[in-house]
Amino acid sequence: MGLCDSENIVKLETMDAVETLVNYTCNVYHLNGEVRSTFDEVAIYFSKEEWDCLNDGEKDLYREVMMENYQTLLSLGITRSKSSLVPVQIKSEEQNGFHSLHLPSHQFSPWTEYSTTRYNQRNQDDKPLNLSIMNTDLDKHEKLFRKANFFACFDAECFSSAGNRLVHQRIHTGEKPFVCSYCGKCFTQKASYLAHQRIHTGEKPFECSDCGKCFSSKIYLVRHRMIHTGEKPFACFDCGKCFTQKASYNAHQRIHTEEKPFKCMDCGKCFTQKASYITHQRVHTGEKPFVCALCGKCFTQKASYLTHQRIHTGEKPFMCTLCGKCFTQKASYLAHERIHTGEKPFVCSQCGKCFAQKASCIVHQRIHTGEKPFVCSQCGKCFAQKASCIVHQRIHTGEKPYECLECGKCFSSKIYLVRHQLIHRGEKPFQCMECGKRFTQKAGYMAHVRIHTDEKPFKCDVCGKCFAQKANYLAHQRIHTGEKPFVCNECGKCFSQKASYITHQRIHTGEKPFVCAQCGKCFSQKASYLAHERIHTGEKPFVCTQCGKCFTQKASCVVHQRIHTGEKPFECSSCGKCFRLKKSFDEHQRTHTGEKPFPCSDCGKCFTNAANRIIHQRIHTGEKPYSCSVCGKCFTQKASYVSHQRTHTGEKPFVCSQCGKCFTSASNLIVHCRIHTDQKPFLCIECGKCFTSKIYLVRHQIIHTGQKPFECLDCGKRFTQKAGYVAHQRIHTGEKPFVCTHCGKCFTQKASCIVHQRIHTGEKPYECCQCNKRFSSKVYLVRHQLIHTDVKPFKCSECGKCFTQKASYNAHQRIHMDEKPFKCPDCGKCFTQKASFMAHQRVHTGEKPFVCTHCGKCFTQKASCVVHQRIHTGEKPFGCSECGKSFSAKVYLVRHQLIHAEVKPFKCLECGKCFTQKATYLAHQKLHIDEKPFICSECGMCFTQKDCYTAHLQVHVDGKPFACT
């Protein structure tokens, strides 16, 4: 700054001083005898530099004003003296660089000496223009009342010196001329600048003589000394509370006046203290000027910074005098003291609830107002408490700053760490007075107490359901809202409860933290671990109130009780089907969505539920963990094992409500019930055919794909179904595991054994709806029903003949191919059908397994037995459509129909004679060859036909069996 500029500034300040002096002079004339003043209070002193800046007119004005002020004071009797007055002289000469006004009275003789001294002091300190006030006649209170401040700012605020006014004007101009060389921070006052630099230099020149504590500023020392003296000079007139600092007193006064002069320009929030206002502004600017040198953490408030440093130093300066507990923060110490005193000074204006801490009261009031001022920047979730918001944000950042020193486990919140440490200490401070059970957490204790009181304070507004715990209530509300706030970072799956989310993550990590001490088995869930422990202890604490059945898990008991109540709370929104189990409901929904989230790691096959995948993986591993204790057979599935055991026990607990039939498994009952309801829920998308069971659909779909995944290693034959493959292997092994309990006959297939047993029991469960005829096997019913429909789906491509059964069609095909695969090992005769081969073998063995229940006659073939029984019953089901004649066997009807048709298909090649029946034709052939195969063992007579041979035998047995009646 140049000399000219300095002169202009000094001149401007001098002119302002003169103008102030003139304005003040006008007020002097209003003084009365009761209010007295001295000349020094209205006198202004100039330096040589200041005096040179005034022109002649301004100097004359100065002399006139000073003289006029003196005369005014003289007229009021203030300057009255016993000696006569010396004429007033205004000297413009320089006296040691000082220009003053000399008065003749000896009363003012000290004034010249005083003014000279005052200017010399001012000149040495290099201070700007100053008003000299000599405290001679009036006390400080009178001076404040008179407002003897001659330097006024344009905002009407007055100052006692031009320097003070200059500092004040920097508030309006924003000028901060003093810059810190360390951090670049700027200040409006030099004193503030010097005090700030002591932060960087560490200088603390002001020491307390009582305790030796040092301070960087004198004002801090003065405030500190009041702690030792106990002085509190500032007393509140409203409540009587005393303060050591005027600033604290002024801030306290605003509580009574409700004045909040500091308003935030960004959000409009008002504050009673400037410090609170400045701290609040850092919320908008994001400034955190206080940095921890040890860990680098930043803070917006110095108090928080100092409190944080005590974490590193371990300092706890605030000690409770009653219990000796120490605290790092004074607020925590004061709040702790209220535990002993029972004081709760903060009262909620809405509900009257009292709190020991103001923060708790503020947080509580947000329940009434619904205010949630803390918003998560990641997901937008709002919180009523800042601590809750900070802990929530750690979910997104993954930060877990609290580490357990015992096991190294980390936590996102300190309260979680404290709860966890109780596990290591084994401490359970909360004991139930009713049953004596102890708890590590107060929340668990309170929730347990509600079991005894049956209290459920949390009620759902949507469905009215009540809960004993708030956590369960909040989790329940997410059912109505559909909210799933917990998202898996690995697969994106969402969960409504944090516990389910944590458990799910263990699928990806493979973590199983719960280890059984008995067998070493590991579990990913604590509930599964506790349920497993009950296997070793045999404990079943959950009892059904209806039937008294006991369970190891509460969930199993709840699900079981739905059998008695018939409750099915899980309803499918797509088809309306209801389920007792949520697991079944989830699996059912995948039927609609087609989702198969569980893939096999070996072959890539996907499954709708994890249980099916585990069972499938046992195919690759060959594991069969379920072994029957009776026969030693092993199973891959528990359900198959349980069903198998019922084979030994004979238990059939599942009863059909329609027909009373019993089953060993629930699945078989469900499939059976669909016979009564005619329900076929499984549809083939290829041909539209429906099935009662999914397994039937799967088997059917193999027809469309042509897939035959099961190959016999012995002969290479392939099968579409595993059951067929297993049954085929028994041909090679000769195994027949299914034994008839009545006759001891063995079978390779269970179905064949069951059908066979119906011969002994006479059971015929399959009834024809057209003629009410009943059959022991479903396949017989199906064949029979083709008679009524007159459908013959199997047509021979050679001759066009049609058949109702595939077996008859295959046997017919062998006629054209002249194939006879079934050869008798005794006589070498070959047959095209297995049934004929089996009947032929009975000729050699003499076996006649089919016995007539009326006369006891035995037959080698079942068909012969059935035809024979019609002799006793008189049944002739086969009627001729031409003449109405009826026959007991179909073969007789066919022979009879040839008469009407006049067809004789069998022609003798020797003589040309034709026959309607093949048997007659063969008997005729024997005449030409002179063959007589039927020889009587009694007399040696030979016959060409069997019926003649049979009639002859009766002669030897009965003599003459046919007598004339």
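The values are calculated or read from the model by the stated rules, or taken from the named source; none is laboratory data. Quick caveat, the model's predicted, so the values are computed rather than measured. Every residue, glycine among them, receives a Cβ derived from its backbone with ideal geometry; neighbour counts consider all protein chains shown. What goes into the accessible areas is simple: the full protein's heavy atoms, side chains included, and nothing from ligands, DNA or RNA. Shrake-Rupley method; radii C 1.70, N 1.55, O 1.52, S 1.80 Å.
Things to note:
- Evaluating Lys792 against the criteria (1) touching a Leu at 6+ places or on another chain (Cβ under 8 Å); (2) open to solvent by less than 80 Å² (accessible area, probe 1.4 Å); (3) not acidic (Asp, Glu) leaves one unmet condition, (2).
- Leading residue by the ranking (farthest from Cys180 (Cα to Cα)) among those in region 192-231 that are basic (Lys, Arg) and either open to solvent by 80 Å² or more (accessible area, probe 1.4 Å) or over 55 Å from the mean Cα position of the chain (by Cα) (or both): Arg225
- Of the residues examined, Cys180 is not one that is surrounded by 14 or more Cβ atoms within 10 Å (Cβ to Cβ) and in contact with a Leu (Cβ under 8 Å, 6 or more places away or on another chain).
- If you go through region 551-575 and keep only what is hydroxyl-bearing (Ser, Thr, Tyr) and farther than 23 Å from Ala527 by Cα, you end up with Thr565, Ser573, Ser574.
- Scan of region 825-846 for residues that are hydrophobic (A, V, I, L, M, F, W, C) and closer than 20 Å to Asn810 by Cα, ordered by number: Cys830, Phe831, Ala835, Phe837, Met838, Ala839
- Complete set of residues in region 397-418 that are in contact (Cβ under 8 Å) with a residue 12 or more places away in the chain and open to solvent by less than 80 Å² (accessible area, probe 1.4 Å): Tyr402, Cys404, Cys407, Ser412, Ser413, Leu417
- Test: residue in region 673-689 that is of a type in the set (D, E, K, R), surrounded by 14 or more Cβ atoms within 10 Å (Cβ to Cβ) and within 21 Å of Gln749 (Cβ to Cβ): no
- Of all residues in region 235-250 being in contact with a strand residue (DSSP E or B) (Cβ under 9 Å, 6 or more places away or on another chain) and either open to solvent by 60 Å² or more (accessible area, probe 1.4 Å) or assigned to a helix (DSSP H, G or I) (or both), the one that is farthest from Thr272 (Cα to Cα): Lys241
Let's see how each residue does on (1) among the β-branched types (Val, Ile, Thr); (2) on the phi > 0 side of the Ramachandran plot:
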residue: Glu798; (1), (2): no, no
residue: Thr804; (1), (2): yes, no
residue: Gln813; (1), (2): no, no
residue: Thr832; (1), (2): yes, no
residue: Cys855; (1), (2): no, no
residue: His868; (1), (2): no, no
residue: Gly874; (1), (2): no, yes
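- Residue in region 534-546 that is outside any strand (DSSP E or B), open to solvent by 60 Å² or more (accessible area, probe 1.4 Å) and closer than 24 Å to Arg613 by Cα present: no
- Within region 740-783, being part of a loop (DSSP other than H, G, I, E, B), more than 57 Å from the chain's Cα centre (by Cα) and surrounded by 14 or more Cβ atoms within 10 Å (Cβ to Cβ) holds for Lys745, Lys773.
- Tally, over region 814-847, of residues that are among the hydrophobic types (A, V, I, L, M, F, W, C), open to solvent by 50 Å² or more (accessible area, probe 1.4 Å) and either assigned to a helix (DSSP H, G or I) or touching a Pro at 6+ places or on another chain (Cβ under 6 Å) (or both): 5
- Restricted to region 429-453, and to residues there that are at pLDDT 85 or above and among the charged types (D, E, K, R), the residue that is farthest from Pro401 (Cα to Cα) is Glu434.
- From Phe327, Phe271, residue being of a type in the set (Phe, Trp, Tyr) and under 38 Å from the mean Cα position of the chain (by Cα): Phe327
- Total residues in region 784-806, condition part of a helix (DSSP H, G or I) and without any contact (Cβ under 8 Å) to a residue 12 or more places away in the chain: 1
- For region 891-908, the condition of being surrounded by 14 or more Cβ atoms within 10 Å (Cβ to Cβ), of a type in the set (A, V, I, L, M) and either in contact with a strand residue (DSSP E or B) (Cβ under 6 Å, 6 or more places away or on another chain) or not in a helix (DSSP H, G or I) (or both) holds for at least one residue.
- Single residue of region 661-689 satisfying the filter (touching a His at 6+ places or on another chain (Cβ under 7 Å) and among the basic types (Lys, Arg)) that is nearest to Arg699 (Cα to Cα): Lys689
- Within region 782-802, considering residues that are modelled with pLDDT of 85 or more and among the hydrophobic types (A, V, I, L, M, F, W, C), the one nearest to Arg814 (Cα to Cα): Cys796
- Residues located in region 279-322, provided they are part of a loop (DSSP other than H, G, I, E, B), in contact with a Ser or Thr (Cβ under 8 Å, 6 or more places away or on another chain), within 24 Å of Ile339 (Cα to Cα) and open to solvent by less than 70 Å² (accessible area, probe 1.4 Å): Pro317
Residues are listed down the side, and each one gets a yes or a no for (1) open to solvent by 50 Å² or more (accessible area, probe 1.4 Å); (2) assigned to a helix (DSSP H, G or I):
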{"site": "Cys463", "(1), (2)": "yes, no"}
{"site": "Ala471", "(1), (2)": "yes, yes"}
{"site": "Leu474", "(1), (2)": "yes, yes"}
{"site": "Ala499", "(1), (2)": "yes, yes"}
{"site": "Gly520", "(1), (2)": "no, no"}
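- Matching residues in region 323-347 - criterion: being assigned to a loop (DSSP other than H, G, I, E, B) and within 28 Å of Ile278 (Cα to Cα): Thr328, Gln329, Pro345
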